[in-house]
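The values are calculated or read from the model by the stated rules, or taken from the named source; none is laboratory data. In this text the structure is predicted, and so the values were computed from the model without any measurement. A quick note on method: Cβ atoms are made from the backbone with ideal geometry, for glycine too, and the neighbour counts reach across all protein chains shown.
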């Protein structure tokens, strides 16, 4: 076998390995985003797939037990009980009324078992109506028309 054939075979093995790693990794980390209403309306095996569900944390629903944090996500009239047992600490913005995303699977008991939580408190990042965002200077009216 000449040296060009050996080199071509080596390149083919390397490229094939990279393609296999890319496709195998993408299917394992695949998750679907659903709202609480959409998750409640799903049926069959699709409910047991790995899912990311989003909603608002219901007021007064956060209960901390030994290694598990239980809370309720809501969207309009739909609710979903969530049990978080992940290793990472909950974000500082995770509190009553915060928008939250939970990654995990819906259990046969109807409880969503999450292993990752993301939370956002929208009031923390938005300015009040009629106010300029923090860090911006107000321009006097006489200079604004120039």
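Reported count of residues in the range 90-107, each being assigned to a loop (DSSP other than H, G, I, E, B) and either within 15 Å of the chain's Cα centre (by Cα) or modelled with pLDDT of 90 or more (or both), is 5. Filtered by the rule that a residue be surrounded by 16 or more Cβ atoms within 10 Å (Cβ to Cβ) and part of a strand (DSSP E or B), the range 53-78 gives 53, 54, 55, 56, 57, 69, 71, 72, 73, 74, 75.
Would you check if there is a residue in the range 84-94 being in contact with a strand residue (DSSP E or B) (Cβ under 9 Å, 6 or more places away or on another chain), without any contact (Cβ under 8 Å) to a residue 12 or more places away in the chain and farther than 20 Å from residue 51 by Cα? Yes, the conditions are met somewhere in the range 84-94.
Considered as a group, the residues in the range 25-52 that are more than 14 Å from residue 114 (Cβ to Cβ), in a helix (DSSP H, G or I) and at pLDDT 75 or above include one that is farthest from the chain's Cα centre (by Cα), and that residue is 41.
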